[in-house]
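Participant: Pasting a structure below so you can have a look.
The values are calculated or read from the model by the stated rules, or taken from the named source; none is laboratory data. It should be emphasised that the depicted structure is a prediction, and the values quoted were computed from it without experimental measurement. Here the Cβ positions follow ideal geometry from the backbone for every residue, glycine too, while neighbour counts run over all protein chains shown.
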Amino acid sequence: MPETYRDPRGTESQPPLPWDRPGILVGVDGSRASLAALRRAVDMGPKLGLPAHAVMMWDYPTFVSGTYGDPWGGFDPQQHAAEVLGDAAKEMFPDGPPDWFTWSPRRGRPARELVKLSAEAALIVVGGRGHGGFAGLLLGSVSDACAAHAQCPVLVMHDR
């Protein structure tokens, strides 16, 4: 299906990660496992002397009809991702985030974008199971793709 059918705004280039040296990249989707991943990254960052950056991916859905519509009635997925990340940062750092921690929402499919961003990271930390998929699996599709294809080490956290 042509990309123009999926997104009326066309493709947008993504900004580089906001660090001057590779750090810890954390995939967040608001699930318990992703928050466990964020907690681990926040714990490891200072110990390893690495910056940490949390990302939440979002993308427009593809519709069977091949057209794009507004299924959310004005819902803004970019804004929602920013709010989820902001809430997670507040949970991790009640007094405000330190300079070594940043976050940003990014447009794209989570597995594909995290694997792409792994070229800029020293480590990726993801939850073992996110909001999608089938209950009972040990790994979700995103953590599985990262473990198989990332260009840096990957730590998969479960929500225990």
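Participant: Just checking, does region 41-63 include any residue being touching a strand residue (DSSP E or B) at 6+ places or on another chain (Cβ under 6 Å), closer than 23 Å to VAL126 by Cβ, at pLDDT 95 or above and basic (Lys, Arg)?
Facilitator: Among the residues of region 41-63, not one is touching a strand residue (DSSP E or B) at 6+ places or on another chain (Cβ under 6 Å), closer than 23 Å to VAL126 by Cβ, at pLDDT 95 or above and basic (Lys, Arg), which makes the answer no.
Participant: Limited to region 20-41, what total is found for residues that are in contact with a helix residue (DSSP H, G or I) (Cβ under 8 Å, 6 or more places away or on another chain), hydrophobic (A, V, I, L, M, F, W, C) and buried (at least 23 other Cβ atoms within 10 Å of the Cβ)?
Facilitator: Of the residues in region 20-41, 5 are in contact with a helix residue (DSSP H, G or I) (Cβ under 8 Å, 6 or more places away or on another chain), hydrophobic (A, V, I, L, M, F, W, C) and buried (at least 23 other Cβ atoms within 10 Å of the Cβ).
Participant: Another one. Taking region 124-139 only, how many residues are modelled with pLDDT of 65 or more and within 10 Å of PRO110 (Cβ to Cβ)?
Facilitator: Total satisfying the criteria: 1.
Participant: Under 8 Å by Cβ, and 6 or more places apart or on different chains, what pairs join a residue from region 88-108 that is within 27 Å of ASP59 (Cα to Cα) and part of a loop (DSSP other than H, G, I, E, B) with one that is polar (S, T, N, Q) and at pLDDT below 95?
Facilitator: What qualifies is GLY108/GLN14.
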